[in-house]
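S.K.: Can you keep this structure in mind? I'll have questions shortly.
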Amino acid sequence: MLDFKIASGRANRELAQNIADYIGVELTEVTIKNFSDGEIWVKYEENIRGVDLFIIQSTQAPAENLLELLLLIDAAKRASARRVTAVIPYFAYARQDRKDQPRVSISAKLIANLITRAGADRVITIDLHSSQIQGFFDIPFDHLYASPVLIRKIFQLGLTNFVVVAPDIGAAKTARAYAKRLNADLVIIDKRRPEHNVAEVVNIIGEPEGKNVIMVDDLIDTGTTFIQCAEALKRRGSLDIYGVCVHAVFSGNALEKLNNTDAINKMFITDTIPFKGKSDKIEIVSVAELFAEAIIRTHDNRSISSLFEIER
Ligand code: R5P
């Protein structure tokens, strides 16, 4: 008999279902409702006493998704689940991970505290905005990378004569790992943010002239970073530009901007956040299999790092 179960919140049911299908289990029955004032109510509809429970919930906006995760963890603990793992395909509020100016919050730490205090015994997530956020938790934390599935897609493009571009310094480490795996040179863009949601390309470090481009970032939000960087690269003489990003937040008119720019040929995104828009430029690459493998291995106490071959 399987002594682990998988439950899902409402933030990304499709991914949760795909993970469960890959493993070959049914999702645990959970009722989640909203009262008339919007408050959330959750109930496990089956016995989870003594179970190794994995709760899948991304935490993209609205903040109710986070709250739903906390309630699911709390209910599971109170129902005597043996171990509760919060599986968070998109870990939101991660970008505020330090005090970069006076009198601001460190939201990533606050979220870590909330998840831990709610009762999670461990966490699994993928492509955190910065790896150091793992240290905000004092419980075991498994950090997955979407690179194996995304790099497979890049290979399928059959591109030659290309460079890998980090659209800002923060993306440089990940981009370097992609460049190494793809045997390509690295270009780093010096991006500044004069204010929230505004990006300016100050300098391009490297040689993108006459080259195709694979631009890699952890997330696309307003799309400003990707589009500004792609346009700057075009002005410098780059050829075709392909974007690779794990978390497709796409707030405001980001998708419209992407559809309207000639600077980006194609974007590969993953399904950590449900993508509801329409675009010929976007191809979704699923991370369901990666999460499924991570869940199985966590349950069996087997290595997770062996899922990832690329060096960081
Ligand atoms: C920033 O450090 C992140 O890695 C992304 O580059 C950024 O958050 C993307 O935001 P936007 O799409 O709004 O420029």
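The values are calculated or read from the model by the stated rules, or taken from the named source; none is laboratory data. Only a predicted model underlies this, so the values are computations on that prediction, with no experimental measurement involved. Note: ideal-geometry Cβ built from the backbone for every residue, glycine included; neighbour counts use all protein chains shown. To get the accessible areas, we keep the full protein, side chains included, count just its heavy atoms, and leave off ligands, DNA and RNA. Shrake-Rupley method; radii C 1.70, N 1.55, O 1.52, S 1.80 Å.
S.K.: Quick one: which residue in Asp138, Asp221 is of a type in the set (Asp, Glu), buried (at least 18 other Cβ atoms within 10 Å of the Cβ) and modelled with pLDDT of 95 or more? Quick ask: steps written out before the conclusion?
M.R.: Working: Asp138 fails: buried (at least 18 other Cβ atoms within 10 Å of the Cβ).
Result of the check over Asp138, Asp221: Asp221.
S.K.: A follow-up question, please. Which residues, taken from the stretch 206-218, are open to solvent by 40 Å² or more (accessible area, probe 1.4 Å) and either over 20 Å from Tyr242 (Cβ atoms) or touching a Phe, Trp or Tyr at 6+ places or on another chain (Cβ under 9 Å) (or both)?
M.R.: Looking only at the stretch 206-218, we keep the residues that are open to solvent by 40 Å² or more (accessible area, probe 1.4 Å), and these are 207, 209, 211.
Lys211, the sole residue that qualifies.
S.K.: Can you find even one residue in the stretch 152-172 that is within 30 Å of Leu110 (Cβ to Cβ) and either among the aromatic types (Phe, Trp, Tyr) or more than 10 Å from the ligand (Cβ to nearest atom) (or both)?
M.R.: Here is the first cut: in the stretch 152-172, the ones within 30 Å of Leu110 (Cβ to Cβ) are 166-172.
With either among the aromatic types (Phe, Trp, Tyr) or more than 10 Å from the ligand (Cβ to nearest atom) (or both) added as a condition, the list becomes 172.
The answer is yes, given that some residue of the stretch 152-172 is within 30 Å of Leu110 (Cβ to Cβ) and either among the aromatic types (Phe, Trp, Tyr) or more than 10 Å from the ligand (Cβ to nearest atom) (or both).
S.K.: Identify the residue in the stretch 183-196 that is surrounded by 17 or more Cβ atoms within 10 Å (Cβ to Cβ) and not β-branched (Val, Ile, Thr) and, among all such residues, is farthest from Tyr242 (Cα to Cα).
M.R.: Filtering the stretch 183-196 for residues that are surrounded by 17 or more Cβ atoms within 10 Å (Cβ to Cβ) and not β-branched (Val, Ile, Thr), the one farthest from Tyr242 (Cα to Cα) comes out as Lys191.
S.K.: Report, by residue number, each residue of the stretch 110-125 that is of a type in the set (Lys, Arg) and either under 19 Å from Leu144 (Cα atoms) or open to solvent by less than 60 Å² (accessible area, probe 1.4 Å) (or both).
M.R.: Step one: filter the stretch 110-125 for residues of a type in the set (Lys, Arg), giving 117, 122.
Result: Arg122, single match.
S.K.: Quickly run through the stretch 17-38 and pick out the residues that are open to solvent by 30 Å² or more (accessible area, probe 1.4 Å) and of a type in the set (Ser, Thr, Tyr).
M.R.: The answer is Tyr22, Thr31, Ser36.
S.K.: In addition: For the stretch 259-306, name all the residues that are open to solvent by 30 Å² or more (accessible area, probe 1.4 Å) and closer than 17 Å to Lys153 by Cβ. Working first, answer last.
M.R.: Of the stretch 259-306, the ones open to solvent by 30 Å² or more (accessible area, probe 1.4 Å) are 259-260, 262, 265-266, 274-278, 280-281, 283-284, 286, 289, 293, 296-297, 299-303, 305-306.
Across the stretch 259-306, the qualifying residues are Asn265, Lys266, Phe275, Asp280, Lys281, Glu283, Ile284, Ser286, Glu289.
S.K.: Further, regarding this structure: Restricted to the stretch 241-250, and to residues that are open to solvent by 10 Å² or more (accessible area, probe 1.4 Å) and either in contact with a Phe, Trp or Tyr (Cβ under 7 Å, 6 or more places away or on another chain) or in contact (Cβ under 8 Å) with a residue 40 or more places away in the chain (or both), which residue is nearest to the ligand (Cβ to nearest atom)? I'd like the intermediate steps shown before the answer.
M.R.: Taking the stretch 241-250 first, the residues open to solvent by 10 Å² or more (accessible area, probe 1.4 Å) are 242, 249-250.
Narrowing further to those that are either in contact with a Phe, Trp or Tyr (Cβ under 7 Å, 6 or more places away or on another chain) or in contact (Cβ under 8 Å) with a residue 40 or more places away in the chain (or both): 242, 249.
Numbers: Tyr242: 16, Val249: 7 Å.
By that ranking, first place goes to Val249.
S.K.: Which residues, counting only those in the stretch 128-157, are touching a His at 6+ places or on another chain (Cβ under 7 Å) and not small (Gly, Ala, Ser)? So that I can check it myself, show each step before the final result.
M.R.: At the first step, the residues of the stretch 128-157 found to be touching a His at 6+ places or on another chain (Cβ under 7 Å) are 128, 131, 134.
Within the stretch 128-157, Leu128, Gln134 qualify.
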